[in-house]
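Remarks on the structure that follows.
The values are calculated or read from the model by the stated rules, or taken from the named source; none is laboratory data. All values reported here derive from a predicted model rather than from experimental measurement. With ideal geometry, Cβ positions are generated from the backbone for all residues, glycine too; neighbour counts draw on all protein chains shown. Just so you know, the surface numbers come from the protein's heavy atoms only, side chains and all, with ligands and any DNA or RNA stripped out. Shrake-Rupley method; radii C 1.70, N 1.55, O 1.52, S 1.80 Å.
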Amino acid sequence: MRVLLTGASGYIGKRLLPILVEAGHEVICCVRDVQRFTPPESLKSRIIIIQVDLLDEASLANIPKDIDGAYYLVHSMATSSDYQSLELSSAKNFRRALSETKVKHVIYLSG
């Protein structure tokens, strides 16, 4: 299964990534800043890393159209005191982007 993992650099994403890879999934790690994403060396050759900011609609074009599943593990709590409106915008942008893919399963966990 081809899986999009948003929040790959976060607490849950870092722990989920090796499990998904070991289970045989092709994992596309979706991060805001590729320079700050440091996956284990043992996984680097087995994953795809793309830069996407869910609040930047233009960057959503980086999401592959041929994904089967997606994990939404992001939150906006650290970026603003008005995180509720950012959360809503982020989730809506994600939903809109996924509507252009062939995704069948979404797991949503947010702040």
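Would you mind giving the three semi-axes, in whole Å and largest first, of the ellipsoid equivalent to the chain according to its Cα gyration tensor?
Each semi-axis is √(5λ); the values are 21, 16, 12 Å.
Could you state how much accessible area I19 has, in square angstrom rounded to the nearest 10, with a 1.4 Å probe and all protein chains kept in place?
I19 has an accessible surface of roughly 110 Å² with all protein chains in place.
For the chain, what is the accessible area per residue in Å², given a 1.4 Å probe and the full set of protein chains?
Using a 1.4 Å probe on heavy atoms only, each residue of the chain averages 59 Å².
What order do R15, R36 take when sorted by accessible area (1.4 Å probe), most exposed first?
R36, R15
Please arrange H75, H25, H105 by accessible surface area, largest first, computed with a 1.4 Å probe and ligands excluded.
So the residues, ranked largest to smallest area, are H105, H75, H25.
Lys and Arg at +1, Asp and Glu at -1: add these up for the other residues within a Cβ distance under 12 Å of L88 and post the number.
0
Determine the gain in length on full extension of the stretch K14-T38; use 0.36 nm per residue of separation and subtract their C-alpha separation, reporting nm with one decimal.
The span from K14 to T38 would gain 7.7 nm if fully extended.
Sorted by accessible area (1.4 Å probe), largest first, how do S85, S59 line up?
Ranked from most to least accessible, the order is S85, S59.
In square angstrom, rounded to the nearest 10, how much accessible surface does E87 have for a 1.4 Å probe?
20 Å²
Roughly speaking, what is the stretch gain from E26 to D82, that is 0.36 nm per residue apart minus the C-alpha to C-alpha distance, in nm to one decimal?
My answer for the length gained is 16.7 nm.
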